[in-house]
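The values are calculated or read from the model by the stated rules, or taken from the named source; none is laboratory data. On a predicted model such as this, the values are computed, not experimentally measured, just so you know. Cβ placement follows ideal geometry from the backbone for every residue including glycine, while neighbour counts extend to all protein chains displayed.
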Amino acid sequence: MAEIKVDCRNETCPVPLVEARKALRRAAKGDVVEVTGTHQSSKKEIPMAVKAMGLELLEVEEVGGVWSIKIRK
Amino acid sequence: MNKKATLIVHSGDLDKVYSAFIIGLGALSMGMDVSLYFTFWGLERLKKGNLDKAPLSKMNMLGLGRWMVRRKMRQAGVASLDKMLKDFVELGGKILACDMTMEIMGIKRESLRSDVISEYCGVGTYIKEAMESDITLFI
């Protein structure tokens, strides 16, 4: 099981959401994708996409305006 | 079966084509299937080398408004239409081109981005796609 990191800091809508989706498509079942970013709406919307696709949201954290979201495929 | 969104891209204006791609990419990213149906002025954007050679729908001011908006977008880190189109295709989005419009506007297949167009079709195809869709928009 691989851990895939996607850095979307300083990117704006819709890039973090799209990059999260691209990484999840490329990942194998069981892989963990960690997306980091600074765009605030994406912090809410990536978990919405995870739920809509029936994937597992492992963790949402934010330190000093930088959030990170972990998803298991 | 996945939920689906079908958007008609009738406008070729820069701001509206951006909206179409942002909504399309958002829907793909939320796990939906997406078709963008390009017709009339929208088809201009599918001509080779023409994707972002578009005016603004308002306040274009002979290109000055377009220049200002593009500069603001770059500063804000908004992705280019080239990147959006590439991501759209990578995520499985379909680009449909209206062949009736191509005929009346004298647009030949050779002049269009055949590398991204998945189908040349008419209104019947749009209606079929729209019937299967949860979201349809006319842009």
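Could you check region B:22-113 for helices (runs of 4 or more DSSP H) lying wholly inside it with 3 or more residues that are of a type in the set (Lys, Arg) and away from chain A (no Cβ under 14 Å)?
Of the helices (runs of 4 or more DSSP H) lying wholly inside region B:22-113, those with at least 3 residues that are of a type in the set (Lys, Arg) and away from chain A (no Cβ under 14 Å) span B:64-76.
Output the residue which, of all residues in region A:16-31 that are among the small types (Gly, Ala, Ser) and on the phi < 0 side of the Ramachandran plot, is farthest from the other protein chains (Cβ to nearest Cβ).
Of the residues in region A:16-31, the ones among the small types (Gly, Ala, Ser) are A:20, A:23, A:27-28, A:30.
So of that shortlist, the ones also on the phi < 0 side of the Ramachandran plot come out as A:20, A:23, A:27-28.
Numbers: A:Ala20: 7, A:Ala23: 11, A:Ala27: 14, A:Ala28: 17 Å.
The residue in question is A:Ala28.
Within 17 Å of the chain's Cα centre (by Cα), exposed (fewer than 13 other Cβ atoms within 10 Å of the Cβ) and free of Cβ contacts under 8 Å to residues at least 12 places away in the same chain: which single residue out of B:Gly49, B:Gly26, B:Gly63 fits that description?
Residue meeting the stated conditions: B:Gly49.
Applying the selection to region B:1-21, what residues are within 14 Å of another protein chain (Cβ to nearest Cβ) and part of a helix (DSSP H, G or I)?
Within region B:1-21, B:Tyr18, B:Ser19, B:Ala20, B:Phe21 qualify.
For the structure I just gave you, tell me whether B:Ser80 is surrounded by 13 or more Cβ atoms within 10 Å (Cβ to Cβ), of a type in the set (S, T, N, Q) and within 21 Å of A:Leu17 (Cβ to Cβ).
Here the answer is yes, as B:Ser80 does meet what is asked.
What is the residue count in region B:36-64 for residues that are touching a His at 6+ places or on another chain (Cβ under 7 Å) and of a type outside the set (Phe, Trp, Tyr)?
Selection size over region B:36-64: 2.
Give region B:100-131 a look and list any residue that's among the aliphatic types (A, V, I, L, M), closer than 17 Å to B:Ala5 by Cβ and either in contact (Cβ under 8 Å) with a residue 12 or more places away in the chain or surrounded by 13 or more Cβ atoms within 10 Å (Cβ to Cβ) (or both), or say none.
B:Ala130
Kindly evaluate B:Gly42 against the criterion of being among the small types (Gly, Ala, Ser) and at pLDDT below 95.
So B:Gly42 fails the test.
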